[in-house]
Amino acid sequence: MKIAVAKGDGIGPEIMEAVLKIFKANKVPLEYETVEMGKWVFDKGFNNGMTPQAQQTIETLGILFKGPMETPKGKGVKSVNVTARKTWNTYANKRVFQTLHGVDTVFSKAGIMIDITVVRENIEDTYGGIEHMLTHDVALSRRFITRPGSLQVIRYAFEMARQKKAKRITCGHKANIMKLTDGLFLDCFYEVAKEYPELKADDVIVDDLCMKLVTRPDTFDVVVLTNLQGDIVSDLCAGLVGGLGFAPSANIGDHISIFEAVHGTAPDIAGKNIANPTALLLSGLAMLRHLGLTENAAVIENALLYTLESGVHTGDFGDKTKAPVNTTQFADTIISNFGKKPGIGAKEIIPNIPGTPAPLKLEINSMMISKEGENEIIAGVDLFIESDQQPTVIADKCKRHGGVKFNLINISNRGTQVWPTGSVYTNLVNQYNVRFESINDEPLNQQDVIGLYVSMSGNFKICSFELLNKWGDKKAYSQAQGQ
Ligand code: NAD
């Protein structure tokens, strides 16, 4: 079996070398093809941070094992890490956080054992990075939550929870505020939950989830979240078990998967051979299990846990009264401990059943549609306009443009209604949302909306607009605060 390896930037090459040395010593049946990705590839002029050859190799082999990579600042280029996850549709980011004996935390000292798997949606949400300055004062980020995308990651989380024999699966969300986006994610969660009656499925609002994770982490098992909330919650969980040096990450897709540590390139310690390779090693072990190399994974993990238990540590953790070892010595100690088992948390040795990482050869992009469109009508439009005038002045101007098809319904500023009712204590910015709906619920068409747009553009700069769709009686848009 062959996989692609990208060593990464900063401490990447050092920790990758340590991990591959451990794999080699354990006779892991893998071959490695090194691919060119990272900062120096950006510097060579490849704006996505990888060479076309690297892309081709990864699409042929199906598995990428990567070190952390730096995104050059101020060049307007996007993170190669995020590009890789999105390009290859690795929709589920799985991060396992377990108490490691020998890595002291407030919880381990109190005898509270943690074993939490966070599954974070990996492609959508604000990580689409679709952002616009609407005025010099107002920036807008588009947050995409889709039904097919949510179902994909939630199904993965339930399936993984079933295989792990988890008891509980929890959806973290903010559907009380973001009723359409997080509401959709939550609906998908309970839709999929019906297929897994043996699992206790529940949901917790994300701020409450953070509080409960910190106070009672042992009550959680599998947690699934949207992208940004998952990013934050998973770093919180890393803190619970000893920090980023112990946080592995698997980016799982249907065809291509990427395994990497959660931490970055640690430029402050790069080149000194003192970095902790544990997170990358744990990511590598997740990769071995993904490839069916369960025996190699268990032997290496037992040796790692034994090493940690015996107090051997790099400089970033462990007993400060005991001298730390460097990256190479840490790897060598693990190798010398092959065959030993830790006192706590020993992994069962399950014989290898190697799979094949090579992906199906795709000819066209997959179109994901999970639900047929219902009887849809255009009920109105939100026009986002630039103006520094008072709401009543804007309303008087807007009313003139409604004509025979549109009623001016309300005007809001930063999502708070300021006309026809509102408060003078609401601070304003120079960008309003003006909502028009059709008179007498008459269905509109796109030409009607464009006509209104053209008419309004005589008075205002229109920054953007959104159609107000209705599916049957259901409004497919949010209300303004106070409407
Ligand atoms: P970082 O994770 O690199 O470092 C944060 C702190 O943790 C530093 O003090 C560092 O020394 C320490 N640290 C991190 N990993 C360690 C390890 N294995 N052993 C010992 N100490 C370790 O975060 P940052 O400084 O915010 O980011 C540095 C660079 O990494 C940035 O360019 C960022 O874009 C990039 N980054 C890449 C990835 C990725 O490739 N997936 C993820 C995060 C950040």
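Please indicate, with yes or no, whether at least one residue in the stretch 122-143 is within 16 Å of the ligand (Cβ to nearest atom), outside any helix (DSSP H, G or I) and surrounded by 21 or more Cβ atoms within 10 Å (Cβ to Cβ). So far as the stretch 122-143 goes, yes, one or more of its residues are within 16 Å of the ligand (Cβ to nearest atom), outside any helix (DSSP H, G or I) and surrounded by 21 or more Cβ atoms within 10 Å (Cβ to Cβ).
Pairs under 9 Å by beta carbon, first residue part of a loop (DSSP other than H, G, I, E, B) in the stretch 20-44, partner within 16 Å of the ligand (Cβ to nearest atom) and of a type in the set (Ser, Thr, Tyr), six or more apart or different chains? Taking only residues 6 or more apart or on different chains, the pairs are 38/265. The set of residues in the stretch 265-284 that are more than 6 Å from the ligand (Cβ to nearest atom), of a type in the set (Val, Ile, Thr) and surrounded by fewer than 24 Cβ atoms within 10 Å (Cβ to Cβ) contains only 274. If the condition is being in contact (Cβ under 8 Å) with a residue 40 or more places away in the chain, over 13 Å from residue 381 (Cβ atoms) and not in a loop (DSSP other than H, G, I, E, B), then the stretch 426-446 contributes 431, 432, 441. State yes or no: is residue 159 free of Cβ contacts under 8 Å to residues at least 40 places away in the same chain and in contact with a Lys or Arg (Cβ under 9 Å, 6 or more places away or on another chain)? Spelling it out, it is not the case that residue 159 is free of Cβ contacts under 8 Å to residues at least 40 places away in the same chain and in contact with a Lys or Arg (Cβ under 9 Å, 6 or more places away or on another chain). Within the span defined as the stretch 208-222, one or more residues are open to solvent by less than 70 Å² (accessible area, probe 1.4 Å), of a type in the set (Val, Ile, Thr) and either within 16 Å of the ligand (Cβ to nearest atom) or not in a helix (DSSP H, G or I) (or both). The condition of being within 16 Å of residue 287 (Cβ to Cβ), in contact with a Lys or Arg (Cβ under 6 Å, 6 or more places away or on another chain) and either open to solvent by 10 Å² or more (accessible area, probe 1.4 Å) or not polar (S, T, N, Q) (or both) holds for only one of 62, 67, that being 67.
Listed here are the residues, each with its yes/no results for (1) of a type in the set (S, T, N, Q); (2) closer than 19 Å to residue 388 by Cα; (3) assigned to a helix (DSSP H, G or I); (4) touching a residue at least 24 places away in the same chain (Cβ under 8 Å).
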| position | (1), (2), (3), (4) |
| --- | --- |
| 448 | no, no, yes, yes |
| 452 | no, no, yes, yes |
| 455 | yes, no, yes, yes |
| 465 | no, yes, no, yes |
| 469 | yes, no, no, yes |
| 479 | yes, no, no, no |
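Picking from residues in the stretch 244-264 that are open to solvent by 20 Å² or more (accessible area, probe 1.4 Å) and near the ligand (Cβ under 10 Å from one of its atoms), the one that is modelled with the lowest pLDDT is 244. As a summary of the residue check, residue 96 satisfies the conditions (1) part of a helix (DSSP H, G or I); (2) open to solvent by 20 Å² or more (accessible area, probe 1.4 Å); (3) within 29 Å of residue 62 (Cα to Cα) except for the one numbered (1).
Among residues of the stretch 291-309 being open to solvent by 20 Å² or more (accessible area, probe 1.4 Å) and modelled with pLDDT of 95 or more, the one that is nearest to the chain's Cα centre (by Cα) is 294. Scanning the stretch 3-26 finds one or more residues that are within 25 Å of residue 273 (Cβ to Cβ), basic (Lys, Arg), modelled with pLDDT of 95 or more and surrounded by fewer than 15 Cβ atoms within 10 Å (Cβ to Cβ).
Count, please, the residues in the stretch 84-93 that happen to be closer than 23 Å to residue 2 by Cβ and either within 16 Å of the ligand (Cβ to nearest atom) or free of Cβ contacts under 8 Å to residues at least 60 places away in the same chain (or both). Show your work before the answer.
Keep residues of the stretch 84-93 that are closer than 23 Å to residue 2 by Cβ, which gives 84-85, 87-90.
Remaining after also requiring either within 16 Å of the ligand (Cβ to nearest atom) or free of Cβ contacts under 8 Å to residues at least 60 places away in the same chain (or both): 84-85, 87-88, 90.
Total satisfying the criteria: 5.
If the condition is being more than 11 Å from the ligand (Cβ to nearest atom) and open to solvent by 30 Å² or more (accessible area, probe 1.4 Å), then the stretch 39-51 contributes 40, 43, 44, 45, 46, 47, 48.
Within the stretch 52-75, the set of residues being away from the ligand (no atom under 16 Å from the Cβ) and either within 18 Å of residue 13 (Cα to Cα) or touching a residue at least 40 places away in the same chain (Cβ under 8 Å) (or both) comprises 57, 59, 60, 61, 62, 63. Sub-7 Å Cβ pairs linking a first residue in the stretch 258-276 that is closer than 25 Å to residue 61 by Cβ to a second residue that is near the ligand (Cβ under 6 Å from one of its atoms) and open to solvent by 30 Å² or more (accessible area, probe 1.4 Å), at least 6 apart or interchain, are 262/244; 263/244; 265/70, ordered by first then second residue.
The values are calculated or read from the model by the stated rules, or taken from the named source; none is laboratory data. Nothing here was measured: the structure is a model prediction, and the numbers come from that model. With ideal geometry, Cβ positions are generated from the backbone for all residues, glycine too; neighbour counts draw on all protein chains shown. With ligands, DNA and RNA removed, areas are computed over all heavy atoms of the protein, side chains included. Shrake-Rupley method; radii C 1.70, N 1.55, O 1.52, S 1.80 Å.
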